[in-house]
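Take a look at the structure set out below.
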Amino acid sequence: MTTTASPERTESVTTPRPSRRGDRAFATVVRVAALTILVALVAVFVFLAAEGWKGLTSDSATYAPFTSFAGYIAPLIVSTLLASAIALVVSVPFAIAVALFISHYAPRRLGAALGYVIDLLAAVPSVVFGLWGGRYLAGYLQPAHVWLHDHLGFVPIFGEPSPNGRSLFTAAIVLAIMILPIMTAISREVFLQTPRLHEEAALALGATRWEMIRYAVFPHARSGMVAGTMLGLGRALGETMAVAMVLATTPTTTLDVIGTASPPTIAANIALNYKEATPERQSLLIATGLVLFVVTFLVNVAARWVAGRSARRLAR
Amino acid sequence: MTTGIMHISHARLPRWAPVLAGAVALALAGLPALLAGWGPLKWVAAAMVVFLVAMPAWSRVVEGRRAAVDRLVTGLIWTAFAIAVSPLVWLLYVVVRSGAPAINTEFLSISMLNVIGDEQGGIYHALLGTLLITVAAAIISVPIGILTAVYLVEYGKTSRTARIITFLVDVMTGIPSIVAGLFALALLVLLFGPAFRAGIGGSIALSLLMIPTVVRSSEEMMRLVPDDLREASYALGVPKWRTVTRVVLPTSLAGIVTGVVLAVSRVIGETAPLLVVAGATDGVNTNLFDGRMTTLPVFIFSQYASSTPVGYQRAWGGALVLIALVMVLNLIARIVGRMFAPAQGQ
């Protein structure tokens with residue numbers, strides 16, 4: 001990590017005539033830096049595994065109130081998936097609409113500025129989202145909890161409504177807001193890359209703007225939209241503070257997302273329990289972190305793979 | 001007209017039709033709003049619904065089904081944008097309104113040491129912690145990030161290794177911050193025993209989150225440097241590494257600085273990894289390598305978790321300071337980017 005000092009050192013040596021030595025040293029330094037990325041990712045996995053494996057098989061008292069690792073993590077996984085799913089369902093239509101607004105509907109000159117406004121949403125720290133979600137949004141969404149229970153109560157996830165709105169549902173709404181910028185950014189990128197001739201051809205054939213978008217833009221952007229959605233999913237799975245701060249949690253197993261007693265997500269569970277952790281508990285939390293890492297890693301790999309498979313490279 | 005001249009255009013609503021419909025919708029929604037005493041928010045929301053029904057209906061009658069669908073989608077997309085922006089506006093408003101009363105010189109200049117109950121506390125220790133940990137994270141990640149970008153642009157190009165690293169950098173942007181924190185924790189615990197906590201662990205976690213951002217933005221900027229410059233340098237007999245350090249890097253410097261500042265502004269608000277690995281303390285700790293260290297986001301979280309009115313008050317004050325920091329960093333990044341950007345293309 002400290003090899004970066006060498007360019008300065010070799011500089012003084014090479015002044016007399018252009019030698020290959022400086023080149024070789026610099027090339028090595030640069031390669032080492034690039035390989036650090038690889039090493040870092042492997043190290044994340046190795047260290048989490050090294051500390052976490054103890055957490056997989058300690059004595060059953062560690063997993064209280066459950067008795068095994070599987071029992072401990074199952075409700076957390078259910079909560080994580082539920083919260084992420086709700087966040088995606090809410091966020092995806094908005095992300096696509098906002099991206100379309102910026103790329104095709106807003107006045108051309110305003111487009112960039114409006115994109116910047118959406119990016120500002122990404123700049124707000126998650127702890128501030130949590131504070132706002134717990135203190136304000138939860139209260140405002142409480143009537144929505146009651147409504148969901150009254151009208152959709154037959155769906156198992158809409159059980160007894162929480163009296164203060166601090167439920168997994170509210171946390172999921174905060175997640176939806178937090179993942180909106182990344183999904184918008186990716187969709188916007190691919191919408192803007194639609195070949196201009198396709199769009200103009202559609203319009204010349206008499207298509208309305210919406211028909212042009214449906215028949216020229218969407219087919220072209222499909223893989224980008226899928227990739228953006230998966231990246232959003234990756235963010236939602238791993239987001240910690242918003243959930244930890246909004247949710248009033250208890251370690252029970254329930255599917256009810258609008259009640260007072262939902263288990264936290266994997267990430268939030270770590271943040272909420274790290275404090276009173278004995279070494280065994282600490283290993284257990286690291287083990288759950290390893291599970292989270294593997295899952296988000298796979299989701300991200302899949303997302304980038306989908307994005308890269310399409311003809312355009314997204315980030316270039 | 002009667003002799004069979006073909007009309008090749010449909011009947012169209014005039015250009016001002018949406019404006020008129022909007023005004024009518026506002027007026028229509030205003031009636032119940034006045035009678036039931038709705039706030040402005042409910043009034044505008046009701047007007048939106050009226051507009052979304054009335055505009056396509058009018059269009060359906062005059063222009064036909066396809067145009068009506070188009071009008072409906074246009075309305076929906078504008079509405080979606082308005083709704084998407086509203087949390088940002090609401091949140092900023094709430095942070096400023098709730099945070100401003102907490103801010104005074106004492107709040108910024110004292111720590112929470114020996115502060116009991118409702119006494120005046122401060123965020124000095126947290127500001128210092130955030131500064132130290134973030135600077136250390138930048139010191140770790142900026143060289144690695146920039147050199148990796150140099151490798152990708154100047155050395156690796158389209159080789160297999162370069163493609164793998166580009167891919168991994170992309171994947172790395174998606175690592176959950178709590179996982180980065182746990183990694184740093186596992187590292188420190190393995191090296192120094194289970195109870196060890198230190199600010200440097202936070203820096204390691206944050207640099208893991210910063211590196212991909214720095215690589216991406218530096219890479220993008222270096223690709224913008226025209227090949228002519230490189231070739232001119234080579235033609236003068238300048239070795240490759242000096243070409244990179246003296247021509248490519250200075251030319252793209254503004255863009256790289258912008259990227260670094262944006263990366264800093266992204267990690268400065270990170271809470272979860274610091275909570276796990278750097279812990280929290282009430283006093284000032286300036287030693288990165290020993291003992292717990294509070295950062296601003298962790299301060300906000302622990303004050304929030306105390307669930308007392310004064311705790312909430314301090315949390316909002318901290319949130320306002322944090323948001324201001326992030327926004328200022330963002331602004332600096334944009335200004336640096338804009339001030340120096342046009343010059344580099346020449």
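Some observations on this one:
- Within the same chain, aspartates and glutamates fewer than 8 places from A:LYS54 are excluded, and of the rest, those with a Cα less than 17 Å from its Cα are A:GLU280.
- The relative contact order of chain B comes to 19 percent, based on Cα pairs under 8 Å that sit 6 or more residues apart.
- Computed from the C-beta positions of B:SER86 and A:TYR215, the FRET efficiency with R₀ = 30 Å rounds to 0.45.
- Estimated FRET transfer efficiency when R0 is 41 angstrom, pair A:ALA204-B:LYS157 (beta carbons, to 0.05): 0.50
- Residue with peak Gaussian network fluctuation, chain A [Cα springs, cutoff 10 Å], from A:GLY22, A:GLY224, A:GLY133: A:GLY22
- With the cut-off at under 20 Å, measuring from each backbone N in segment A:50-81 to a point 7 Å along the Cα-to-Cβ line of A:THR278 picks out A:51-73.
- Placing pseudo-labels 7 Å out from each Cα toward the beta carbon at B:ARG246 and B:ASN104 gives an inter-label distance of 5.9 nm.
- Calculated [222 nm] ellipticity per residue, helices only, for the protein assembly as shown: -23500 deg cm²/dmol; basis is -39500 (n - 2.57) per DSSP H run with n ≥ 4, divided by all residues, nearest 500.
- The distance from the alpha carbon centre of segment A:178-198 to that of segment B:177-233 is 27 Å, rounded to a whole number.
- Placing one equal scatterer on every Cα of the protein assembly as shown and applying the Debye formula, the log10 ratio I(q)/I(0) at q = 0.09, 0.10, 0.11, 0.12 Å⁻¹ is -0.84, -1.01, -1.20, -1.37.
- The orientation-averaged shadow of the Cα convex hull for segment B:62-126, equal to a quarter of the hull surface, comes to 7.2 nm².
- Shielding of peptide A:131-139 by partners, expressed as the average count of other chain Cβ atoms within 10 Å per residue Cβ, is 5.
- Residue-span extension gain [B:LEU191 to B:ASP228] - 0.36 nm each, minus C-alpha spacing: 8.4 nm
- In percent, rounded to a whole number, the relative contact order of segment B:68-190 is 10, using alpha-carbon pairs under 8 Å and six or more apart.
- Partners for B:LYS240 among aspartates and glutamates (Cα-Cα distance below 17 Å; same-chain residues under 8 apart left out): A:GLU8, A:GLU11, A:ASP23, B:GLU154, B:ASP227, B:ASP228, B:GLU231
- Residue-wise HN-Hα couplings along segment B:208-219, as the Karplus relation 6.51 cos²θ - 1.76 cosθ + 1.60 with θ = phi - 60° gives them from phi, are 4, 7, 7, 3, x, 5, 5, 4, 4, 6, 5, 4 Hz; Gly and Pro carry x.
- Residues in segment A:138-146 carry Karplus couplings, in order, of 4, x, 6, 8, 4, x, 4, 4, 4 Hz; the curve used is 6.51 cos²θ - 1.76 cosθ + 1.60 with θ = phi - 60°, and Gly or Pro positions show x.
- Max mean-square fluctuation residue, GNM over chain B, Cα-Cα springs under 10 Å, options B:SER109, B:SER265, B:SER177: B:SER109
- Phi to ³J(HN,Hα) by Karplus 6.51 cos²θ - 1.76 cosθ + 1.60 over segment A:220-226, Hz, x for Gly, Pro: 5, 9, 4, 5, x, 5, 5
- Take every pair of alpha-carbon atoms less than 8 Å apart whose residues are at least six positions apart; their mean separation over the length of chain A yields a relative contact order of 26 percent.
- Counted charge near A:PHE293, where neighbours are those whose Cβ lies closer than 15 Å (Asp, Glu -1; Lys, Arg +1): -1
Since every read-out is calculated from the coordinates, none of them should be taken as a lab result. In this text the structure is predicted, and so the values were computed from the model without any measurement. Every residue, glycine as well, gets a Cβ built from its backbone with ideal geometry; the counts of neighbours run over all protein chains shown.
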